[in-house]
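For reference, the structure is listed below as C-alpha cells.
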Amino acid sequence: MYRKVILLLCTTLLCMGISAHEMTPTYPTWGVSHVEGVYKTRIALFNKRADVEFYEIGVFDDTWGNVPFVSQYRIVHMPYLSHVNIDIYVSLADVSKAKYVCSISKLRENSDKKPLVSSRICSKFK
Amino acid sequence: MKYLVGLLLLAPLSVMALEVPIEGTVQSRCVIETDTPGVYGNPNAYTLTTSPTDGGVVPIVRFDVTLADAYKAKITHPTSFSASPTLNDTQTWTGSTEVSSMSDAGMSGYEAAKVEYGSSTEFDLTVAGSTWFKTSSSATNGGDKAFPGGTYRAVVEAECIAK
C-alpha cells in the first residue's frame, strides 16, 4: 500500500535543464535624472531561465530594509532569452540609504515546468 | 586606360559591401545557473529526501563570476513545501549545501571557509570562475505518519550578492 503512495510522492525538485539568471553591473552608480531631486540608475537583466518569465526588482538598505523607488515595472515580464534594461529612480532623501538593487525570479506555483530554484542577484552601490 | 577600366569594374563591388555591426560589453557579472534537476526520493512513507541512496537526486546550482572577490553566494535549503497536498502533521526539515565542483584550484578553500546559519550557507567567491554547489534536503513527517499522496515541491534559494 505504501509503495503506491511512495511512487506518487516521488516528486521533482527541479526539472529543467541548465538555465541562468544574469544581472549587470556589479557596482551601479546613481546619476541625475530629468527630474530635479531624483536620481537614476540602470541595470541590465538577461533571462536564460526557460522556467521563469517574471523578475521582481527591489532596492534595499544595508540592513536589507526596503528603500522606496520607482521603475516602470516592479515586476518585469522577461521572455526566455530576452535582455531588458531597467531604469530605477530614487529620491535625493533615499539615495544615500540605497545599498543594494536586486532582481529576484518569480516562480509560478502551478507551472508545469516546476521551477524550484529561486534565484536572486544583488548589485551594490558603493 | 586599362587601369581606369579595371577601377570602374571594381567600383560596383564596393557598393555591394554591407557592414552589420555586432556590439558587446564585457563587464563584471554574476550568473546563477540551475545545473542539475533535483528529485525527492522516498525511502519510507514519512520521509522525502534528495539523498541518492534513497532514490533522490541532489540539485546542483552553478555560480559564474567574472570578477574575483566581488560576490558572495548564499544558498538556502527548503524549510517548507511550496506546493503539497493538505498535510496531516508538522515536518522536520534538514539540509545542507556544499561545494560540488570548481573551475579553479584556487576555490578549494571555499568549503572550509563557508558560513552556515539557519538554513542558509554563505560562500565568499574570492576567485573568478565557476563553482558548483549541491544542496541536500530532507523532510520527515511528524510522528512518522505517512505523507498524504500527491505532488510535493520545495524551493532552493540561490543568491549572488555583490560585496
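The values are calculated or read from the model by the stated rules, or taken from the named source; none is laboratory data. Quantities reported herein were computed from a predicted structural model and do not represent experimental measurements. Cβ coordinates were reconstructed from backbone atoms using ideal geometry, including for glycine residues, and neighbour counts include every protein chain displayed.
Only residues in the range A:19-34 that are within 13 Å of chain B (Cβ to nearest Cβ) count as the first member; pair them with residues that are at pLDDT below 90 and assigned to a strand (DSSP E or B), Cβ under 8 angstrom, at least 6 apart or cross-chain, and list the lot.
Once the first residue is within 13 Å of chain B (Cβ to nearest Cβ) and sits in the range A:19-34, its partners that are at pLDDT below 90 and assigned to a strand (DSSP E or B) give A:SER19/B:THR34; A:ALA20/B:THR34.
Report whether or not B:THR25 is in contact with a Pro (Cβ under 9 Å, 6 or more places away or on another chain), surrounded by fewer than 18 Cβ atoms within 10 Å (Cβ to Cβ), more than 7 Å from chain A (Cβ to nearest Cβ) and not hydrophobic (A, V, I, L, M, F, W, C). Reasoning before the result, please.
Details: in contact with a Pro (Cβ under 9 Å, 6 or more places away or on another chain): no; surrounded by fewer than 18 Cβ atoms within 10 Å (Cβ to Cβ): yes; more than 7 Å from chain A (Cβ to nearest Cβ): yes; not hydrophobic (A, V, I, L, M, F, W, C): yes.
Criteria not met by B:THR25.
Which residue out of A:ASN110, A:ASN66 is modelled with pLDDT of 95 or more, of a type outside the set (Ser, Thr, Tyr) and surrounded by fewer than 20 Cβ atoms within 10 Å (Cβ to Cβ)?
On the way: A:ASN110 fails: modelled with pLDDT of 95 or more.
Only one candidate qualifies: A:ASN66.
For the range B:75-163, give me every one of the strands (runs of 3 or more DSSP E) that falls completely inside it and has 1 or more residues that are acidic (Asp, Glu), touching a residue at least 40 places away in the same chain (Cβ under 8 Å) and crowded, with 16+ Cβ neighbours inside 10 Å.
Output list reads B:120-125, B:156-162.
Kindly establish whether B:THR126 is within 16 Å of the chain's Cα centre (by Cα) and more than 12 Å from chain A (Cβ to nearest Cβ).
Judged against the criteria, B:THR126 is not a match.
When the range B:22-73 is examined, which residues are found to be of a type in the set (Lys, Arg) and modelled with pLDDT of 90 or more? Spell out how you get there, then give the answer.
In the first step, residues of the range B:22-73 are kept if they are of a type in the set (Lys, Arg); the result is B:29, B:62, B:72.
The answer is B:ARG62, B:LYS72.
Taking A:ASP61 as meeting all but one of (1) at pLDDT 95 or above; (2) in contact with a Phe, Trp or Tyr (Cβ under 9 Å, 6 or more places away or on another chain); (3) surrounded by 16 or more Cβ atoms within 10 Å (Cβ to Cβ), write down the number of the exception.
Only one criterion is unmet by A:ASP61, namely (3).
Please go through the range A:40-50 and pick out each residue that is over 14 Å from the mean Cα position of the chain (by Cα) and either crowded, with 20+ Cβ neighbours inside 10 Å or within 12 Å of chain B (Cβ to nearest Cβ) (or both). Spell out how you get there, then give the answer.
Applying the first criterion (over 14 Å from the mean Cα position of the chain (by Cα)) to the range A:40-50 yields A:40-41, A:50.
Within the range A:40-50, A:THR41, A:ALA50 qualify.
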